[in-house]
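Student: Shown below is the structure under consideration.
The values are calculated or read from the model by the stated rules, or taken from the named source; none is laboratory data. Keep in mind that this is a model prediction, so the values were computed, not measured. No Cβ is skipped: glycine too gets one built from the backbone with ideal geometry, and neighbour counts run over all protein chains shown.
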């Protein structure tokens, strides 16, 4: 049975106050619906039927993570820079997860995204480099015209492989790779953008027991990517843009206690 989505919007109250309560209420009302909920955080006992079968090493693919989730993977396109600034701005410097970002960019020009975002957040922001290992409290931006992947050891890979849905970088590939590596300790976030990128990736994250948050299309400058993600039925929370950061803090930091 597909897991129902939990919708929160500005008229229903703050995501910070209601996110874990809503998840717990769903578990109590639907105990046979697949995922279990432990202290407000979803875990998944389903076996992944995706082609992605790489299992996380017993010691974990990275070190220094102390939150309830290890990685937040974000996908965005048109309107995404503004959305990312609002998403990253409230996150504290001690945010105990890594953040990976695929934003569709013009491949003909050097990206200034890391410079722009670093002025809007307390987190460290950098353009991703091949071979570096994910660290908590750091935002990694996919460079133009390179796919960003996370390997099973938690190290980043940049690939020049074929375009996915006419795109490189692809949020789908990023989401699939973090799902395979971090499994139920992954959060996927889909923000403003045109097209359907990330719609396959959110399914991979859900199949591995992770959590998916999508920007409410009504608050997105371009609702195509949020709409496509919601249409998969593999979304946990649909939130106004100004509530997503609070939701991440609740899930990653407060959910660890």
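Student: From the list 198, 179, which one is under 22 Å from residue 95 (Cα atoms) and in contact with a helix residue (DSSP H, G or I) (Cβ under 6 Å, 6 or more places away or on another chain)?
Tutor: Result: 179 is the single residue among 198, 179 that is under 22 Å from residue 95 (Cα atoms) and in contact with a helix residue (DSSP H, G or I) (Cβ under 6 Å, 6 or more places away or on another chain).
Student: If you don't mind, another one. Restricting segment 115-139 to residues that are touching a residue at least 40 places away in the same chain (Cβ under 8 Å) and either over 16 Å from the mean Cα position of the chain (by Cα) or assigned to a loop (DSSP other than H, G, I, E, B) (or both), which is farthest from residue 253 (Cα to Cα)?
Tutor: Applying the filter and picking the extreme gives 133.
Student: Looking only at segment 145-155, count every residue that is more than 12 Å from residue 177 (Cβ to Cβ) and either within 17 Å of the chain's Cα centre (by Cα) or assigned to a strand (DSSP E or B) (or both) and tell me the total.
Tutor: Number satisfying all stated conditions: 0.
Student: Another one. Looking at this structure, is residue 125 surrounded by fewer than 24 Cβ atoms within 10 Å (Cβ to Cβ) and modelled with pLDDT of 95 or more?
Tutor: Spelling it out, residue 125 is indeed surrounded by fewer than 24 Cβ atoms within 10 Å (Cβ to Cβ) and modelled with pLDDT of 95 or more.
Student: Taking residue 169 and the conditions (1) assigned to a helix (DSSP H, G or I); (2) under 24 Å from residue 114 (Cα atoms), which numbered condition does it fall short on, given that it satisfies the others?
Tutor: (1)
Student: Assess whether residue 142 counts as being buried (at least 18 other Cβ atoms within 10 Å of the Cβ), at pLDDT below 95 and under 12 Å from the mean Cα position of the chain (by Cα).
Tutor: For residue 142, the condition - buried (at least 18 other Cβ atoms within 10 Å of the Cβ), at pLDDT below 95 and under 12 Å from the mean Cα position of the chain (by Cα) - is not met.
Student: For segment 216-225, does any single residue satisfy the condition of being more than 27 Å from residue 66 (Cβ to Cβ) and surrounded by 24 or more Cβ atoms within 10 Å (Cβ to Cβ)?
Tutor: yes
Student: Only one of (1) assigned to a helix (DSSP H, G or I); (2) free of Cβ contacts under 8 Å to residues at least 24 places away in the same chain fails for residue 162. Which number is that?
Tutor: Among (1) assigned to a helix (DSSP H, G or I); (2) free of Cβ contacts under 8 Å to residues at least 24 places away in the same chain, residue 162 violates only (1).
Student: I would also like to ask the following. In this structure, does residue 238 turn out to be in contact with a helix residue (DSSP H, G or I) (Cβ under 7 Å, 6 or more places away or on another chain) and either in contact (Cβ under 8 Å) with a residue 24 or more places away in the chain or surrounded by 24 or more Cβ atoms within 10 Å (Cβ to Cβ) (or both)? Reasoning before the result, please.
Tutor: On the way: in contact with a helix residue (DSSP H, G or I) (Cβ under 7 Å, 6 or more places away or on another chain): yes; either in contact (Cβ under 8 Å) with a residue 24 or more places away in the chain or surrounded by 24 or more Cβ atoms within 10 Å (Cβ to Cβ) (or both): yes.
In short, yes.
Student: Scan segment 70-100 for residues that are buried (at least 19 other Cβ atoms within 10 Å of the Cβ), at pLDDT below 95 and assigned to a loop (DSSP other than H, G, I, E, B) and jot them down.
Tutor: Across segment 70-100, the qualifying residues are 77, 79.
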